[in-house]
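S.K.: My structure is below; once you've seen it, I'll send some questions.
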Ligand SMILES: [Zn+2]
């Protein structure tokens with residue numbers, strides 16, 4: 001679910017990727033490095049700092065944040081909800 005890359009190459013800090021579509025609940029997730037709970041809905045920036053936001057049309061596509069606890073940069077993806085009309089047909093329960 002969580003993946004970190006570039007630890008060997010980048011000396012400063014690792015960059016972790018978190019796909020919000022892979023997370024259960026309200027979107028809270030634990031920092032892959034130090035384990036602090038990060039809530040994307042928390043706009044106080046007490047736990048993390050927003051480094052960059054990428055918008056696609058009117059929707060948030062990607063968010064790059066930095067954990068205030070350990071300094072790990074985390075790339076959040078999966079904000080975009082599935083397009084209406086393009087969803088797979090649900091299998092009816094038996
Ligand atoms: Zn952390």
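S.K.: Residue by residue through the range 49-61, note down the ones that are within 12 Å of the chain's Cα centre (by Cα) and within 16 Å of the ligand (Cβ to nearest atom).
M.R.: 50, the sole residue that qualifies.
S.K.: For the chain, please list each of the strands (runs of 3 or more DSSP E) lying entirely inside it that holds at least 2 residues being at pLDDT 90 or above and surrounded by 11 or more Cβ atoms within 10 Å (Cβ to Cβ).
M.R.: Where strands (runs of 3 or more DSSP E) fall fully within the chain and carry at least 2 residues being at pLDDT 90 or above and surrounded by 11 or more Cβ atoms within 10 Å (Cβ to Cβ), they are 15-19, 48-56, 59-67, 73-77.
S.K.: May I pose another question? From the set of residues in the range 20-29 that are farther than 18 Å from residue 51 by Cβ and in contact with a strand residue (DSSP E or B) (Cβ under 6 Å, 6 or more places away or on another chain), which is nearest to the ligand (Cβ to nearest atom)?
M.R.: Per the criteria, the residue is 28.
The values are calculated or read from the model by the stated rules, or taken from the named source; none is laboratory data. Given the structure is predicted, the values throughout are model-derived calculations rather than measurements. Backbone-built Cβ (ideal geometry, glycine too); neighbour counts: all protein chains shown.
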